[in-house]
Structures are given as C-alpha cells and as structure tokens.
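One structure is given here, and the rest of the page talks about it.
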Amino acid sequence: MNNYKNLLSPITIKHMTVRNRVAMPPMGTNYGGAMGDFTDEHITYYEKRAEGGTGLIIVENACVDFPLGSNGTTQIRLDHDRYIPNLFKLTERLHRQGASVAIQINHSGASAVPGRIEGNTPVSSSNIPSKTGGAVPRPLEIEEIHAIVHKYAEAAKRAQIAGFDAVEIHGGHSYLLCQFLSPVYNKRTDEFGGSVENRTRFARLVLKAVREAVGPMFPISFRFSAEELVEGGNTLEDSLEMLEYLQEDADILNVSAALNDSLQYQIDANYLEDGWRSYMAKAVKEKYPEKVVITSGNIRNPKIAERIIEEGHADMVAIGRGLIAEPQWVNKVKSGREDELRKCISCNIACSGHRIGLNRPVRCTVNPSVIFGDTHKELKVNKATNVVVIGGGTAGLEAACTAAEVGCTTFLFEAKPYLGGLAREIAKLPAKDRINDFPDYLINRAKKLKNLYIFTNTTATIEAIENLKPDVVVNATGSNPLLPPITGLHNVVDKENEKVMSIFGFIKNIKEFEAMKLEGKKIGVIGGGAVGLDVVEYFANKGARVTIVERMPAVGNGLDFISKIDFLSMLKKKEVDVRVDTSLLEVKPNSFIINKDGVDEELEFDFGFVCLGMRAYSPLMNELEEKFASNGVEVVNIGDSVRARRIIEGVDEGRNITDTLKRIGTVSYTHLTL
C-alpha cells in the first residue's frame, strides 16, 4: 500500500530523528493569547497535525524582542521565561503523537506595524519600508544589532528548555535579518552593509550565538528567500553565494522565496504548480549536499512530493496551508486513502487573508473546523432522521455529507448532470483549475456514505421532497450572474452570435477562446471584482488589449490580501487600461457606453464581458417554508442561495447542519468531549 518509500522514510538530523519527510512550516495563526502566550486551543491546532502523521512541525514565528520585533495581532513570544511552561505543554502533547517539534524565532524589523509596537518606530538595516506604502523604519545602531543577536540566543535556549527538538531562524520574507541580507532594503555603508560578506554579518552573528546557546548537537534551521522575485532583489545565484557565509552553523536550509512586494510567490497563488519552487532547493542541495534541505510551494499531490525527494531536489517537503486544510494528510497518504485528501485550493481567503488582511484568526475555505478537526463525527442520530438537500454545489455537498456522517438518511437533488456547482464552473478557467480538488474531495467523500442518495439531472419538486418525509430540508440552490436592467444588456448578453457575455457565457465558450488568436484583440470588462479580474487575467495573458471598468474608486474590492496583490501586479505588468469611478450606461453589440464625471464615452470591443457579481437563486424557498416549516419540518437556507458570497461561507453553513439537528433533538454526542 505504501508507494511513497522516500516521502515516508525517517531522517536523522543530529539528535533529532523525524519519522517522515513531511514538515509543517511556520505559519502565523492569530491563535495566541493577547500577550503572546500559547492557549489550549492553539496547542490543539498543532496537536491535530501531529495526530495526522506530520513528521516535523515547525511552530509559527515567535518574537525574540517585544514589542519592537513583533508582528501579527497575537504573535507568540519567546522573549521571557514566562512563556516556557505553556510551550512545554505544547511539545509534550506533540511528542506523544510521534512528531518532532521545532519553533521559528524571529524579529520583524520594518515589517512591524507601528500601532502594534506601542507607537515605536520600526527598525531595519536602513530607512526603506519593508513593503510599498509601509512604515518608514529607522536604521539600527551597531550596539542595538549586537543586543538583538543576544536576544535570539536567549530565545533559542528557552526553546530548548521548553522541549523543542530544533530551532529555526527566519532570514527571509522581508523580516529583520532579510532586511540586512537583501540589497532592496540594505543601504548601509558600515560593516553591516554593501558587500555580501557585510550584508550576511548580522545573520551570521545570530547563527553563531544560537549555536553557542544550544550546543553542537541541537539542530538549527535557517529559512531564507532564495529568490526574492522583485527588481533589484537577491537572485538564486546571489543566495547561493550568501550561504557560503551562513551555512556553517545551520543544519537545515529551509528554502523559501519572495519579499512582501512579491507575496504571491511566498504564500503561493493558486495558479503556481505543485512544487514549483523545488528548482531553488535543488540548487541549494547540489551546492551544500551535507545539509538537510527543505522545499515548499503549493505541494498538494503526494506523487509530486515523493518525486521531489526521490530526485534529490530536497530532503524534506514543507506543506503549510495543505495541513491547515487536511491535518490527516500524512496518515491518508500512508494508508492509501489519497482520494480522501481534502486538498488546499490555495485561495488564500481565510488563512493569510484573515491573518494578514483582517487580523482575524486563521480559518479555511475547505476545512470548516481547522482547530478541532472533524468533531461532528462524534455526534450520532438518536432516532431516524431524514434530510433532503436541494443543490449539489459545495455548500449542499458539505451539508449532505455531514448529515449522512452523523447517521441521517440523506437525499440530495441536483438539476445538472454533475456535482460541484459554481466551483466546477470557475475551475474551468486555466488559472483556477486547482479549485476542482474541493468538489472532487466532496464527491469522493459522498460516494463512501451508504446512507446518502444523490439524484443528478433531477430538479427537486415539492411533491418529490414530500415523498421523502423529511425532518430537515436544506436549500442550497446557489446563485446566478447579476445582470441589472441596463439599456441594451439583456438584448445581447449570452445570446447566440453576440459578442457580449456574462461569466457563464465566457466559461461556456472558453474552448473557442482557447483556439482563437487573441493577441491584439480589444476586450472590455465591466466589473472590477474577483470575477471581472479573472476574465481580465485570462485575456491579458493572451496578449489582448484589455480595458476594465469599475464603478468603485478601486478594483479588487473584497478580494483576499494575496490575490489583490497578484491581480494589481498583473494589471500593471500587462498594461491593462483600468477605469475606476466609471459607470456602465448602455450595452451595444460591439461597445459599452460608459460615464465618468458626467462625460460619456464609447468603449469599443471585439468581445465584451459584464461581470457585476452574482445574485442569490432560490426559486423554491417560499414554497418550502409554506409547505414544510408550518408542519414542523426544519427548512434551512445556506450558501449563495442566501446571498452570493464565497465557498467558505457556504461550506461553514453546510457543516452547521449539525446545529439544526441538535436543535430538533435528533443527534447527541456518542461520548463526552472535553
């Protein structure tokens, strides 16, 4: 059953033996306490990944110098002995599950937000912000540099006392050490700036001080951005040269990429292929074969993970968001249950989008219970319960699977011949095909539930539902494109032989567009939200001359942080004509009449697209409430059929069918949970 002899083989690094080659890299969560302590929920989150078979868990970055070095709303801390007890509880619980445990220690430098560091001015190598529009830092004095070196050493020793098996020093991703390593930030003229030897001096001092603090047999990892992927930044060749000065005291080289202004290559955009960064790790491994090398980058497919190890690109693979989505990744791969993998779709909405963009705790689009796991399976029906779900999109499938998993006899109606709903449609876009992994998972999950009956190509009717004697009816009929009563729009949109389309019309014709020479074609897109930008990206990448029109002052409203950075970069790179504060007045067969500041303009196109979002589609809801709710049947409306939103809201509401079942008293816990 084990087809992954390399991926699942152990590896020994000094005194630490890791049970397999899968590492969970450090990812901020906002699960920490207000003062940076570890909470029990936070421990449980990591414990679930250890239970799932992960070999090495590298706990998220801990602050070595509070408040000046902190980042994140509730970043954990290692700047005082008071944090050792709870961290010891963490390592105890993870070790019980067989995992090896490291912790990353870090100083954020210019990436600290002034409001979070008690009004202090952030520090850096120079006065260059760590991102476009960021706070202007002050350069560190030499004595301050040496004081911070000492704080790294103290934090590493605390980690060792707290039971960690290794410690990682963060030298990438626009944090303080990176701000000295990268010529983008470092403009110093003293012994800490200029030459490669000087720019590596700070990190070298940190590595040596940490080694002295923890001793010769305690593994040290150094994480760095091998390719910074911004103009003037370090290239892979530059990083290989820098490592000549840094590798001596590092046992593990954790090869990452990017700076804040190229964040879509650090927290990988969904169009980047599985393992796309492994060429960087391969170059590091070839130059430093005695070091343990870790690679990362959208690794979802275990076959690709195995190949990376087998071909010597790296010794270990880091799976980050993939373990947020699927804590049981290793166990499922090991036991031959790959079809049950709940793969991350790299949407970046509730992980980085929550943490970086909104200061919220991390959540997940495809995993509605990130911290505690699939605890709904601890519930079981205490009497026969029938559930009918209308709609086989992601919300409806989650509701149906959840209901069946707690023991309900469940029926799902889907009018189309296939399942997956809007997710399946959007995944037809070449840059969005990773989205298919989620409906695939839900369908595979549904197939294994003998008490779940699915009827595709079947429109639900009141009579058909009534015949099933439901206790609960879930309406999950989704959404349709929003097409307002704009002059001329309804005469041409999605009509045969016309050039104006909605997002559904575009997707329907995507094979024709794939076969078409689009370079130089004039494309007009109305709507600067996620859907409109997907269309823009498609045509801009094919060399078309694209204009996007948005009524609001900026495009990308409501997008997650990473996607917004990526789209804005694309608009600039592809020289897209962006018209904001501009309204659509009229649609003609080959042009849009638009208006800005009271001035009308005719925007001609070869193809025009009206992408004004989606609207709820719920044709049966009134009848359902009239027929069933008055007769004691619970009627629940979920997902886009409530209002058009994202996959995450529908999936959460689908899982929350357990709340409905609890309310009507048909389920109870099989054992007491803590």
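Considering the range 540-653, the qualifying strands (runs of 3 or more DSSP E), each wholly inside and each with 2 or more residues that are within 23 Å of His490 (Cα to Cα), run over 545-549, 583-588, 591-596, 599-604, 607-610, 614-616. Contact annotation: residue pairs with Cβ atoms under 7 Å, 6 or more positions apart or on different chains, pairing a residue in the range 289-310 that is within 20 Å of Ala166 (Cα to Cα) with a partner that is part of a helix (DSSP H, G or I) and among the hydrophobic types (A, V, I, L, M, F, W, C), are Val293/Ala281; Val293/Val284; Thr295/Ala281; Thr295/Ile308.
The numbered conditions (1) modelled with pLDDT under 95; (2) under 20 Å from Asp471 (Cα atoms) are all true for Ile356 except (2). Of all residues in the range 413-439, those that are among the aromatic types (Phe, Trp, Tyr) have Cβ atoms under 6 Å from Cβ atoms of residues that are in a loop (DSSP other than H, G, I, E, B), 6 or more apart or on another chain, in Phe413/Thr458; Phe413/Ala460; Phe438/Ile345; Phe438/Val366. Residues that are assigned to a loop (DSSP other than H, G, I, E, B) and either open to solvent by less than 60 Å² (accessible area, probe 1.4 Å) or at pLDDT below 95 (or both) within the range 416-458 comprise Leu419, Ala427, Lys428, Leu429, Leu449, Asn451, Thr456, Thr458, listed in sequence order.
Scanning the range 312-338 for residues that are open to solvent by 10 Å² or more (accessible area, probe 1.4 Å), farther than 16 Å from Asn367 by Cα and touching a residue at least 24 places away in the same chain (Cβ under 8 Å) gives Gly312, His313, Asp315, Asn331, Lys334, Ser335, Gly336, Glu338. Here Cys344 passes the criteria (1) part of a helix (DSSP H, G or I); (2) closer than 30 Å to Leu8 by Cβ; (3) under 21 Å from the mean Cα position of the chain (by Cα) except the one numbered (1).
Taking the range 207-309 as the region of interest, the strands (runs of 3 or more DSSP E) fully inside it that hold 3 or more residues being out of contact with any Lys or Arg (no Cβ under 9 Å at 6 or more places or on another chain) and crowded, with 23+ Cβ neighbours inside 10 Å are 220-227. Cβ-Cβ distances below 6 Å connect no pair with a first residue in the range 249-271 that is over 22 Å from Glu290 (Cα atoms) and of a type in the set (Phe, Trp, Tyr), a second residue that is open to solvent by 10 Å² or more (accessible area, probe 1.4 Å) and in a strand (DSSP E or B), and a separation of six or more residues or different chains. The residue of the range 3-17 that is surrounded by the fewest Cβ atoms within 10 Å (Cβ to Cβ), among those that are within 22 Å of Pro219 (Cα to Cα) and in contact with a helix residue (DSSP H, G or I) (Cβ under 9 Å, 6 or more places away or on another chain), is Ser9.
Scan the range 258-294 for residues that are modelled with pLDDT of 95 or more, under 23 Å from Ala102 (Cα atoms) and within 17 Å of the chain's Cα centre (by Cα) and the total you get is 3.
Quick grid of which residues meet (1) in contact (Cβ under 8 Å) with a residue 40 or more places away in the chain; (2) open to solvent by 50 Å² or more (accessible area, probe 1.4 Å):
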| residue | (1), (2) |
| --- | --- |
| Ala476 | yes, no |
| Pro484 | yes, no |
| Gly488 | yes, no |
| Glu496 | no, yes |
| Lys508 | no, yes |
| Gly520 | no, no |
| Gly524 | yes, no |
| Gly529 | yes, no |
| Lys542 | no, yes |
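Every condition in (1) in a helix (DSSP H, G or I); (2) in contact (Cβ under 8 Å) with a residue 12 or more places away in the chain is met by Val167 except one, and the failing one is (1).
Here is a list: Glu92, Glu51. Which entry is at pLDDT 95 or above, open to solvent by 10 Å² or more (accessible area, probe 1.4 Å) and under 24 Å from the mean Cα position of the chain (by Cα)? Every option except Glu51 fails the conditions. Scanning the range 310-325 for residues that are assigned to a loop (DSSP other than H, G, I, E, B) and more than 17 Å from the chain's Cα centre (by Cα) turns up Glu311, Gly312, His313, Ala314, Asp315.
Residue count for the range 605-620, restricted to those that are among the charged types (D, E, K, R) and open to solvent by less than 90 Å² (accessible area, probe 1.4 Å): 1. The residue list Glu602, Glu623, Glu634 contains one member that is of a type in the set (Asp, Glu) and either surrounded by 17 or more Cβ atoms within 10 Å (Cβ to Cβ) or in contact with a Lys or Arg (Cβ under 6 Å, 6 or more places away or on another chain) (or both), which is Glu634.
Evaluated against (1) free of Cβ contacts under 8 Å to residues at least 40 places away in the same chain; (2) farther than 19 Å from Thr235 by Cα; (3) touching a helix residue (DSSP H, G or I) at 6+ places or on another chain (Cβ under 8 Å), Ser278 falls short on exactly one condition, (2). Which of the residues that make up the range 104-146 are of a type in the set (A, V, I, L, M), part of a loop (DSSP other than H, G, I, E, B) and loosely packed, with under 15 Cβ neighbours inside 10 Å? Once the filter is applied, which keeps residues that are of a type in the set (A, V, I, L, M), part of a loop (DSSP other than H, G, I, E, B) and loosely packed, with under 15 Cβ neighbours inside 10 Å, the range 104-146 yields only Val136.
The values are calculated or read from the model by the stated rules, or taken from the named source; none is laboratory data. All figures in this text were calculated on a predicted structure; none of them were measured in a lab. Cβ sites come from the backbone with ideal geometry, for glycine too, and all protein chains shown count toward neighbours. Keep in mind that these areas ignore ligands, DNA and RNA; they rest on the heavy atoms of the full protein, side chains included. Shrake-Rupley method; radii C 1.70, N 1.55, O 1.52, S 1.80 Å.
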